[in-house]
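A.B. asks: First the structure, which I've put down as structure tokens, then a few questions once you've had a look.
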Amino acid sequence: MIDIASNLHAILQDIPEGTKLVAVSKFHSVAAIQEAYRAGQRIFGESREQELRQKVHALPEDIEWHYIGHLQTNKVKYIVPYIYMVESVDSMKLLEELEKQAAKIDKTVKVLLEIKVSAEETKSGLTLETCRTLLADGGWRSLRHVEICGLMTIASNTDDERQVASEFDVADRFFAEVKKAYFADVASFCEKSWGMSYDYRTALLHGSNMIRVGTSIFGERIY
Ligand SMILES: *Cc1c(COP(=O)(O)O)cnc(C)c1O
């Protein structure tokens, strides 16, 4: 049996105070989320639009929902009413669509820019160069209903801890670069979302202040 409450407590014991823990509940049941909620967890991460909407309606209103999966522009309108933060923004087009849909309901959506630090072919996210260009172009400055709060990244899926650490270091240095160039006076640009079940300890040693943990809380996902 998986004991969600004790898994949660074990992780909270293990991480520095102030670290945000996103409980990644994708593919897990409403009952599992309720169990985590009863144990005090309030931030949950989902990666599919329909699944998110179903869960939102079945669960308490004070949950802070984070969208962490690849988001298609045409799905934005379905999630904007419910979402607290979109961690996986990887284009100006997506920022513009988030702005448009959030403006319609007079809401502000927090976002992270997802950057690519792994050489793995399949990983999504902006390359550092593309992210630099996006920021230098400056179009994001006119967004009124989207607040860029930091960066998100996923490291290579490997046992090589040094490799993973060096990728998180790249993300951390890039955060410092971007913070200095564009967000020096913006206190809310502060989130560094890296680290999952298998690498969150490494991530926390390399700049992370927000971890996204699924398996270590809820057990294996059944697809
Ligand atoms: C699924 C997922 C996670 C959680 O992964 P675990 O290995 O189960 O902790 C974290 N981040 C993203 C972007 C994910 O898609």
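The values are calculated or read from the model by the stated rules, or taken from the named source; none is laboratory data. This one's a predicted model, so the numbers in the text were calculated from it and none came from an experiment. Cβ atoms come from the backbone with ideal geometry, glycine included; neighbour counts cover every protein chain shown. For accessibility, only protein heavy atoms count, side chains too; no ligands or nucleic acids. Shrake-Rupley method; radii C 1.70, N 1.55, O 1.52, S 1.80 Å.
A.B. asks: At 4 °C and 1.567 mPa s, what whole-number value in µm²/s does Stokes-Einstein give for the translational diffusion of the range 17-100, with Rh from the Kirkwood sum over Cα pairs? Let's see the in-between values first.
C.D. replies: Values: Rh = 13.2 Å.
After rounding, the answer is 98 µm²/s.
A.B. asks: Please give the per residue accessible area of the chain, computed with a probe of 1.4 Å over protein heavy atoms only, in Å². Intermediate results must be reported in sequence, preceding the final value.
C.D. replies: Values: 10920 Å² over 223 residues.
With all protein chains present, the chain gives 49 Å² per residue.
A.B. asks: Using Cα pairs under 8 angstrom and six or more residues apart, how large is the relative contact order of the range 4-218, in percent?
C.D. replies: On the way: 367 pairs, mean separation 43.7, N = 215.
Once normalised by length, the contact order is 20 percent.
A.B. asks: How large are Rg and Dmax for the chain when calculated on the C-alpha trace, in angstrom?
C.D. replies: Rg then Dmax for the chain, in Å: 16.8, 52.
A.B. asks: Once R0 is set to 25 Å, what does the formula 1/(1 + (r/R0)^6) return for the Cβ-Cβ distance between Arg173 and Lys100, expressed as a FRET efficiency to the nearest 0.05? Please list the in-between numbers first.
C.D. replies: On the way: r = 33 Å, r/R0 = 1.32.
Efficiency, rounded to the nearest 0.05: 0.15.
A.B. asks: Using label points projected 7 Å from each Cα along Cα→Cβ, tell me how many nm separate His57 and Thr133, to one decimal.
C.D. replies: It is 4.1 nm.
A.B. asks: For the range 117-223, give the percent of accessible area contributed by carbon and sulfur heavy atoms, probe 1.4 Å, rounded to a whole number.
C.D. replies: On the way: 2700 of 5400 Å².
Carbon and sulfur together cover 50 percent of it.
A.B. asks: Return the equivalent ellipsoid semi-axes of the range 60-154 as a descending list in whole Å, where each equals the square root of 5 times an eigenvalue of the C-alpha gyration tensor. List each step's numbers first, then the result.
C.D. replies: Working: eigenvalues 95, 52, 24 Å².
Semi-axes from the Cα gyration tensor: 22, 16, 11 Å.
A.B. asks: Separate question: Suppose we flag GluC sites (Glu not before Pro) only when DSSP calls them loop and at most 14 other Cβ atoms lie within 10 Å. Which is the longest uninterrupted stretch of the chain? Before the final figure, lay out each step's value.
C.D. replies: On the way: sites that count: Glu17, Glu61, Glu120, Glu121, Glu220.
By the stated rule (loop sites, at most 14 other Cβ atoms within 10 Å), 122-219.
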